[in-house]
Amino acid sequence: MTIKIFGHKAPDTDATCSALIWEWYLREVQGKEARACVQDPPNSEARFVLERWGVGMPETLGPLQPGDEVVIVDTNNPAELPDNINEAEIAEVIDHHLLAGGLKTRAPIKMTLRPVAATATVMHWLIGRDMDRAPDAIRGLMLSCILSDTLEFRSPTTTPTDRKVAESLAAALKIDIPAYAAEMFAAKSDVSAFSDAELLTMDSKLFEIDGHRLRVSVLETTAPAVVLERKAGLMAAMGEVAARDGAERVLLFIVDILNEEATLLVPDEMVRTIAEKSFGIPASGDTVVLPGVMSRKKQIIPNLRV
């Protein structure tokens, strides 16, 4: 049976490329049949990375069948996985997020969660000495994951381990980190091909906060003004996007990578109240700027109050 490897819905660079890294490890090092998949089309940065390193797009996962053997990467949250994930045979989970709860297995499994910024950093540790066998393309995917999730070491999620691994990979590949990261972020910032609804779900996760179901979306960009020009359309699309998942509201944080701040769109009084309770900043208009806020995982979700 072929092992299916996949990450969360609306896959970013880390979810997309970590599945490919682990496919290489299972196939080439462990001699197993494995296939990397994505649940949805990856974002523009992930597509740039795949093209840059000459790696093909993973297959779309499609419906899981009961008994399918799977490896889950870059999430352990059932809300971000196929509805019937607990009918599959989960062989392994590799992640760097908090333990969400809700996954069920029929036997003990390998489960690795480490407090680092990227799943690829966890994989570098798990692969160990076998990294010597990794081709440049796999090293390039791994470097890309770390630079993406750390925002080139600007994010507060960055650990010394992430930086050390990234710098080692870059040196081996003869890659200039600032120049390569700038190319990645330029690709991430090109949102011209996406509808307002697609932007709201491109990097988005569902959370229960104080008994309220919220979709918390993040757009990381080096050109926040381009996104803010679409503010009216984005706010108009929020109701439909929220209703699709039974959420009460969509919270959209536009993260300015270079200026290291986030802008939260404030379409109504409920979001205004959330902004003021969560971040202690008056929200009088339809946006509020949050200096220093870069990370959903460490700075947004832990602070959210309704």
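The values are calculated or read from the model by the stated rules, or taken from the named source; none is laboratory data. Note that this is a predicted model, so its numbers are computed, not measured. As a convention, Cβ positions derive from the backbone with ideal geometry for all residues, glycine included, and neighbour counts pool all protein chains shown.
Structure summary
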quantity	calculated
Filter pass, Glu208 being of a type outside the set (Phe, Trp, Tyr), more than 25 Å from Leu81 (Cα to Cα) and surrounded by fewer than 18 Cβ atoms within 10 Å (Cβ to Cβ)	no
Among the residues listed as Ala107, Ala120, Ala100, the single one being outside the structural domain of Leu214 (by TED's automatic domain parsing) and either surrounded by 22 or more Cβ atoms within 10 Å (Cβ to Cβ) or in contact with a Pro (Cβ under 6 Å, 6 or more places away or on another chain) (or both)	Ala120
Filter result (free of Cβ contacts under 8 Å to residues at least 60 places away in the same chain and buried (at least 18 other Cβ atoms within 10 Å of the Cβ)) within the stretch 51-84	Pro58, Leu61, Asn76, Pro82
Filter result for the condition that a residue is touching a Leu at 6+ places or on another chain (Cβ under 7 Å) and within 22 Å of Ser195 (Cα to Cα), over Val288, Val250, Val266, Val226	Val250
Cross-chain or 6+ apart pairs with Cβ under 7 Å, the stretch 271-285 first and without any contact (Cβ under 8 Å) to a residue 24 or more places away in the chain, then part of a helix (DSSP H, G or I)	Ile281/Ala275; Pro282/Glu276; Ala283/Arg272; Ala283/Ala275; Ala283/Glu276
Test: Ile175 is farther than 28 Å from Leu50 by Cβ and crowded, with 16+ Cβ neighbours inside 10 Å	no
Exclusive hit being touching a residue at least 24 places away in the same chain (Cβ under 8 Å) and over 21 Å from Ile274 (Cβ atoms), set Ser204, Ser217, Ser168, Ser148	Ser148
Flag if Arg163 is without any contact (Cβ under 8 Å) to a residue 60 or more places away in the chain and either buried (at least 17 other Cβ atoms within 10 Å of the Cβ) or out of contact with any strand residue (DSSP E or B) (no Cβ under 7 Å at 6 or more places or on another chain) (or both)	yes
Any hit, the stretch 240-247, residues being buried (at least 21 other Cβ atoms within 10 Å of the Cβ), among the β-branched types (Val, Ile, Thr) and within 20 Å of the chain's Cα centre (by Cα)	yes
Considering residues of the stretch 91-107 that are in a strand (DSSP E or B) and of a type in the set (D, E, K, R) only, the residue nearest to the chain's Cα centre (by Cα)	Asp95
Residue among Asp132, Asp149 that is assigned by TED's automatic domain parsing to the domain that holds Asp40 and surrounded by fewer than 20 Cβ atoms within 10 Å (Cβ to Cβ)	Asp132
